[in-house]
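Report on the structure given below.
The values are calculated or read from the model by the stated rules, or taken from the named source; none is laboratory data. Because the structure is a prediction, the values reported are computed rather than measured. Don't worry about glycine lacking a Cβ; one is built from the backbone with ideal geometry, like all the others, and counts go over all protein chains shown. These area figures cover heavy atoms from the full protein model, side chains too; ligands, DNA and RNA do not enter into them. Shrake-Rupley method; radii C 1.70, N 1.55, O 1.52, S 1.80 Å.
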Amino acid sequence: MASHEDNDHLPEETQGYKLSQPKQSLAEYQNMDANDESLQRYKKSLGLGGGQDLSDPNDSRVCIIQSLTMESSGRPPVTIDLSQPGSESTLKDKPFKIKEGAKFTMVAAFRVQHEILSGLQYVQTVKRKGIRVSKDSEMLGSYAPNTDKQPIYTKRFQEEDAPSGMLARGHYNAVSTFIDDDKKQHLQFEWSFDIAKDW
């Protein structure tokens, strides 16, 4: 049985939802029902059928998270570079500062290769002094492998408000997870931030 701690990094389940069919290969998707207009629109929305595939045959990863950026009006963006394997291992020891009450938006940049990525989600669990204070998830969507026409994907999250008030100020630890519909974890990393009175 999975512990509560294990479930902190999984997206919330939608009661009664199940994947309707088994996962199909990229070639199977491209050859499906060539005469079906609605399926053609769906395949086009995934980016199938155009451009040269940029998948690296020497890299078995399906989803490669390039960066996670925090944008806040009037401030330069703060980017967590995740492009190199292992780059996430030191983030917990390098907290960045967020002004209390500030509005901010997160932006993920990523690449997909080898197969269609179905139902990519971002799950973030935040703890303060070891106690979970929030768990949020954001559906990023489904994506075809990147091509020369679309070399990288970016997804802008919903705008958020940093907590405010004297009790909200302090140090927070977060765990961010990128996970898909098949519960395959593409990246998980720990990082930290401080809520302060000023930037």
- prompt: Limited to the stretch 47-99, what total is found for residues that are aliphatic (A, V, I, L, M), more than 19 Å from ALA196 (Cα to Cα) and free of Cβ contacts under 8 Å to residues at least 40 places away in the same chain?
  reply: 0
message: If I filter the stretch 177-187 for residues that are at pLDDT below 95 and hydroxyl-bearing (Ser, Thr, Tyr), do I get at least one hit?
response: no
- request: Find all pairs meeting these conditions: Cβ atoms under 7 angstrom apart; at least six residues apart or on different chains; first residue within the stretch 182-199 and more than 20 Å from PRO95 (Cβ to Cβ); second residue of a type in the set (S, T, N, Q) and buried (at least 17 other Cβ atoms within 10 Å of the Cβ).
  value: GLN185/THR177
- prompt: Is it fair to say SER3 is open to solvent by less than 90 Å² (accessible area, probe 1.4 Å), over 28 Å from VAL107 (Cα atoms) and at pLDDT below 70?
  reply: yes
field: Residue count for the stretch 111-123, restricted to those that are open to solvent by 20 Å² or more (accessible area, probe 1.4 Å), in a strand (DSSP E or B) and modelled with pLDDT under 95
entry: 1
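More than 18 Å from ILE80 (Cα to Cα) and either open to solvent by 60 Å² or more (accessible area, probe 1.4 Å) or acidic (Asp, Glu) (or both), is that true of SER142?
Working: more than 18 Å from ILE80 (Cα to Cα): yes; either open to solvent by 60 Å² or more (accessible area, probe 1.4 Å) or acidic (Asp, Glu) (or both): no.
Considered against the rule, which asks whether it is more than 18 Å from ILE80 (Cα to Cα) and either open to solvent by 60 Å² or more (accessible area, probe 1.4 Å) or acidic (Asp, Glu) (or both), SER142 comes out as no.
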- request: Name, by its number, the condition in (1) over 22 Å from TYR122 (Cα atoms); (2) modelled with pLDDT under 75; (3) surrounded by fewer than 12 Cβ atoms within 10 Å (Cβ to Cβ) that does not hold for ASP36.
  value: (2)
field: Test: residue in the stretch 159-167 that is part of a loop (DSSP other than H, G, I, E, B), touching a residue at least 60 places away in the same chain (Cβ under 8 Å) and hydroxyl-bearing (Ser, Thr, Tyr)
entry: yes
field: Hits in the stretch 76-91 (condition: part of a loop (DSSP other than H, G, I, E, B) and closer than 25 Å to ASN58 by Cβ)
entry: LEU82, SER83, GLN84, PRO85, GLY86
